[in-house]
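The structure under discussion appears below in the form of structure tokens.
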């Protein structure tokens, strides 16, 4: 059980670090609080909450993976490297796709 607790502690530590140091995650946090507040005001149905919370989780996961990839890439080299640039751009593109999809879902749910 202590191994499981240690895993959770590491996961929360990583999440806390990311929130403290990554501006994009703080933007996602503000958007998350805004959308949840709007959902509570609008009294969303269960299926709407599932869609909204799923999108929130999707964007957060994409952003955290993007952050992890950037850290690893920067550890490999700080010199300009075409492959690393492409990897970082692709990861950022994945976050963008998730965010655009989430905005579409939010517009569908709220309007």
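For the pair residue 111 and residue 65, how long in nm is the line joining their label points, each one 7 Å along Cα→Cβ?
It works out to 2.9 nm between the two label points.
For a footprinting-style exposure proxy, rank 41, 104 by other Cβ within 10 Å, fewest first. Numbers along the way, then the final one.
On the way: 41 8, 104 11.
Going from sparsest to densest Cβ surroundings: 41, 104.
For a footprinting-style exposure proxy, rank 60, 108 by other Cβ within 10 Å, fewest first.
On the way: 60 18, 108 10.
If I rank by nearby Cβ atoms, fewest first, I get 108, 60.
If each residue's Cβ is checked for other Cβ atoms within 10 Å, how do 78, 67 rank with the fewest at the top?
On the way: 78 9, 67 19.
Exposure proxy ranking, most exposed first: 78, 67.
Once you keep just the Cα pairs under 8 angstrom separated by 6 or more residues, what percentage relative contact order results for the chain? Before the final figure, lay out each step's value.
Values: 46 pairs, mean separation 33.9, N = 111.
Computed over the chain, the figure is 31 percent.
To the nearest 10 degrees, how steeply does helix 82-110 sit against the main Cα axis of the chain, on a 0 to 90 scale?
0
How would you classify the stretch 1-42 from its alpha-carbon gyration tensor, with a ≥ b ≥ c the square roots of the eigenvalues: rounded for a/c under 1.5, else prolate if a/b is greater than b/c, otherwise oblate? It would help to have the intermediate numbers written out before the result.
Working: a/c = 6.62, a/b = 1.77, b/c = 3.74.
In terms of gyration-tensor shape, oblate.
Of (1) 0.95; (2) 1.05; (3) 0.93, which is the value of Rg/Rh (Cα atoms, Kirkwood Rh) derived from the coordinates here?
Among (1) 0.95; (2) 1.05; (3) 0.93, the one derived from this structure is (2).
Stretched out fully, how many nm does the piece from residue 26 to residue 104 gain, at 0.36 nm a residue minus the Cα gap?
The residue 26-residue 104 span can extend by a further 26.0 nm.
Report, in degrees rounded to the nearest 10, the 0 to 90 angle that the Cα long axis of helix 2-21 makes with the longest principal axis of the chain.
90
With a point put 7 Å past each Cα toward its Cβ, work out how far residue 83 is from residue 8 in nm, to one decimal.
For residue 83 paired with residue 8, the spin-label model returns 4.0 nm.
Hey, what angle do you get for helix 23-42 against the long axis of the chain, alpha-carbon based, 0 to 90 degrees rounded to 10?
Here the helix axis deviates by roughly 10 degrees.
Laboratory data are not the source of any read-out in this text; all were calculated from the coordinates shown. Predicted model only: the values in this text are computed from it and were never measured. Note that we place each Cβ from the backbone using ideal geometry, even for glycine, and neighbour counts take in every protein chain shown.
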